[in-house]
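What follows is a single structure, written as structure tokens, with notes after it.
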Amino acid sequence: MNRRISLRSLLLVPLVLQLGATAVVISLVSYHGRQLAASNLAASSQQRASRQVSDYLTTYLRGPQQVIQLMAQAVESGAVDPGDRAAITRQLWALHRIFPDAPYLNYGWANGDFIGLGQVSNTDRRPYLEVAQATSIARLEQIRLDPEGRPAGLQRIKPFGDFRGDGWYRDPAQAGRAVWTPIYNWVDAPEVMAMGAGMPIRRGGVLVGVAGVDVFLANISHFLAGLPISQGGEVYIVEGDGRLVADTSGRLPFSIINGRGVRHRAQDVANPVIRDTARALVRGHGGFMALDHPQQLTLTLPSGDALVRVDPYRDGQGLDWRIVVVIPEEDVYGNLRQEALSQLGFSLVAILISGSIALLVVEFVIRRLDQLVISTDAMAEGELGQNVELGSIQEMARLATSFNTMAERLRNSFSTLRSTNRESLRLAQQRSEELLKREQQLELEAR
């Protein structure tokens, strides 16, 4: 027995499948397009953030290099006498006002005397004057300054020591030129992490001291914290060995252990985004030093995939850092996925509405066909008086017209046939009567 499908199923099922397939394809294409656009936008945002950091570093670190040259020239030219504390204080104050991006300026003299002026705390930007003499090197006097830069009284006395073996003094003196010192924590204030720009000062070929400017890395962190990154995004700067310079987490990139600052590696910090991306970069590329050109990466982290951009930063004075911008994919695609689900839901509703309308149309057509089938069956049973309404559908009207014409012809044919049958019966009856009369006549003659 052959299985047959109904016209209703034949019309509705392909239509609904087509609508569903179209909705799914449109949703997928739309989602892919939005995903690509969101990915490009995120990459562009990362590139812009990295460029902002690079521009900030260039501006922030250019000032100290200019300042140490001016400081050294002033002494070498004789404009400033190393023994005249008042003149040195006035010079440092003037430079501090001209170069606000040079937080802390200082002279370290070869005889062991020291004088510095500027910011002495990560949070307090008020400038102070700090002085130590070779004869009392174990103590550093911190002096308040009035709005004109004049000494306004002793603030406190901090422990100090012979600085001539420290990197900020030793490295420029040995290099014989301006250099950046390694990042270090102040001995008298270990909560301050700084990097020094130092330049040796010579008179008559003899080293008389080092001019230096300390750059507070907390200031770089403050700048990074203000960057417009996504809610879960992070920006951080690392040295080639992986030790943190600054980041947006708000935490200090070092710990104070036994009164000394111990710097953190990016792979070991508490912040999971920084820690996990650093580990993935080290594991996948062999270390930060290997990332020597800009790269846009997608990394798989324990918390999910993340878009990561790495840019080298070099200043020509020995700095070789890496700027890392991280945006979790959830920040990029989270709303996008929700929008895609909403769009798919709207598509399903549209399919249901379209399917309902199509069902009404199909039911209307099938009802007309059912009327035609019923009339045809009735005619087959001999009810020739059937007549189908034309209706408003052109094709159905043509079919009804054909049926009605056929029905009329059948009725005419049956009418003609009935007339012919009656005439044939009349003639046959007449012939029978004639034969009967003839037979009776012959019987009479035979007698």
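FYI, it's all coordinate maths here, none of it is from the lab. Keep in mind that this is a model prediction, so the values were computed, not measured. Cβ placement follows ideal geometry from the backbone for every residue including glycine, while neighbour counts extend to all protein chains displayed.
Taking the convex hull of the alpha carbon positions in the chain and averaging its projected area over all directions gives 40.6 nm². Net charge in the neighbourhood of H285 (other residues with Cβ under 15 Å of its Cβ; Lys, Arg +1, Asp, Glu -1) is 0.
Among rounded, prolate and oblate, which fits segment 60-138 when a ≥ b ≥ c are the square roots of the eigenvalues of its C-alpha gyration tensor, a/c under 1.5 means rounded, and a/b larger than b/c means prolate? Cα axes put segment 60-138 in the oblate bin. Helical runs assigned H by DSSP (4 residues or longer) give the chain a calculated mean residue ellipticity at 222 nm of -18000 deg cm²/dmol, each run adding -39500 (n - 2.57) before division by the residue total. Projected onto the charge dipole of segment 44-148 (+1 at Lys/Arg Cβ, -1 at Asp/Glu Cβ, origin at the Cα centre), which of S121, G83, A72 gives the Cα projection farthest towards the positive end? Towards the positive end, the residue furthest out is S121.
Derived from the Cα gyration tensor, the three semi-axes of the equivalent ellipsoid of segment 124-205 are 25, 16, 14 Å, largest first. Summing charges over all other residues whose Cβ lies under 11 Å from the Cβ of E76, with Lys and Arg as +1 and Asp and Glu as -1, gives +2.
Rounded to the nearest 10 degrees, the inclination of helix 85-98 to the longest alpha-carbon principal axis of the chain is 20 degrees.
Dividing the mean sequence gap of close Cα pairs (under 8 Å, 6+ apart) by how many residues the chain holds gives a relative contact order of 13 percent.
Determine the sum of side-chain charges near W93: Lys and Arg each +1, Asp and Glu each -1, restricted to other residues whose C-beta is under 9 angstrom from that of W93. Write down the numbers at each step before the final one.
Values: positive: R90, R97, R150; negative: E148.
Neighbourhood net charge equals +2.
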